[in-house]
Amino acid sequence: MALQDKIKWDKKYQETPTLLENRNPSNKLTKIVSKTKGNKALEIACGAGRNSIYLAKVGFNVEALDISQIALNTLKKQGYTNIITKCIDLENYHPNLDSYNLIIMTNYLDRDIIPHLANALTKDGILFIETYMDDKENEKRNSNPDFLLKPDELKTFFDENYEILEYDESFNESYELYRMKKQSIIVRKL
């Protein structure tokens, strides 16, 4: 495990406990569920699990992955028997091929993992990615540019084996700490 990343995120959750509070799931995620065939889901960089909790409530069996044990412990305390948490360094993680009906990755960017996530979808499986992008109107000015998408960048990860169901660039939801531009994509594996 990347010890520095683990320490960084554990410290962030300790110093900003509001990040561990119950929050609503991503608005776009709530619209995807009806398009999903099957109930096996994977959430990458789940944090305290706002999206995993929503998926568990609507009947998904969820694997929730994060590098912070503090965040995962908060999620475990929720008591959902259909959520399995795993403390994992995502930089070296490759999910099994053809294994998930739904994969979500929000507020996290690792460009190298995206092709592996796409390959981990079952036929007709859906991948939903929503994360920050570079924009002059972003309030958080000290963001690392390596973790910010360029305009239309998410579209470049998918070939003719995937159907883009939705693509969007818009500002984040009001409950987040900073007003930031986000990019989101929903694709289906053909």
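Please treat every number below as a calculation from the coordinates, not as lab data. For clarity, every value in this text was computed on a predicted model and none was experimentally measured. Neighbour counts run over all protein chains shown; Cβ positions are idealised from the backbone, glycine included.
Within the straight-line cut-off of under 16 Å between alpha carbons, the aspartates and glutamates reachable from Lys28 are Glu43, Glu130, Glu166, Asp168, Glu169, Glu173, Glu176, sequence neighbours fewer than 8 places apart in one chain being disregarded. Listed by chain and number, the lysines placed with their C-alpha closer than 20 angstrom to that of Lys86 are Lys6, Lys8, Lys11, Lys12, Lys40, Lys57, Lys76, Lys77; residues fewer than eight positions away on the same chain are left out.
Based on DSSP loop calls and a cut-off of at most 16 other Cβ atoms within 10 Å, the longest stretch of the chain free of exposed GluC sites (Glu not before Pro) is what? Longest stretch, sites excluded: 22-136. In this simple spin-label model, placing a label point 7 Å from the Cα along the Cα-to-Cβ direction at both Thr122 and Thr30 gives a separation of 2.6 nm. A simple charge model with +1 on the Cβ of Lys and Arg, -1 on the Cβ of Asp and Glu and nothing else charged puts the dipole of the chain at about 660 debye relative to its Cα centre.
Among Met105, Met180, sorting on how many other beta-carbon atoms sit within 10 Å of each Cβ, with the fewest leading, yields Met180, Met105. Kindly identify the range 33-118 as rounded, prolate or oblate by the Cα gyration tensor criterion: order the square roots of the eigenvalues as a ≥ b ≥ c, call it rounded if a/c is under 1.5, otherwise compare a/b with b/c, prolate if a/b is larger, else oblate. Since a/c reaches 1.5 but b/c is at least a/b, the shape of the range 33-118 is classed as oblate. Each residue in Leu117, Leu3, Leu55, Leu109 was given a count of other beta-carbon atoms within 10 angstrom of its own, and listing them fewest first yields Leu3, Leu109, Leu117, Leu55.
Calculate log10 I(q)/I(0) of the chain for q = 0.08, 0.09, 0.17 Å⁻¹, where I(q) comes from the Debye formula with a single equal point scatterer on each Cα and nothing for solvent. At q = 0.08, 0.09, 0.17 Å⁻¹ the computed log10 ratios are -0.23, -0.30, -1.19. Proximity of backbone amide H atoms, modeled 1.01 Å from N, is registered between Glu63 and Ala41, Leu42, Glu43, Ile84 at under 5 Å, excluding neighbours fewer than 5 places apart on the same chain.
Between Lys86, Lys31, Lys155, which gets the highest mean-square fluctuation from a Gaussian network model of the chain, Cα cutoff 10 Å? Top of the fluctuation ranking is Lys31. In the chain, taking the dipole from charged Cβ atoms about the Cα centre, the farthest positive-side position among Leu154, Leu90, Asn39 is held by Asn39.
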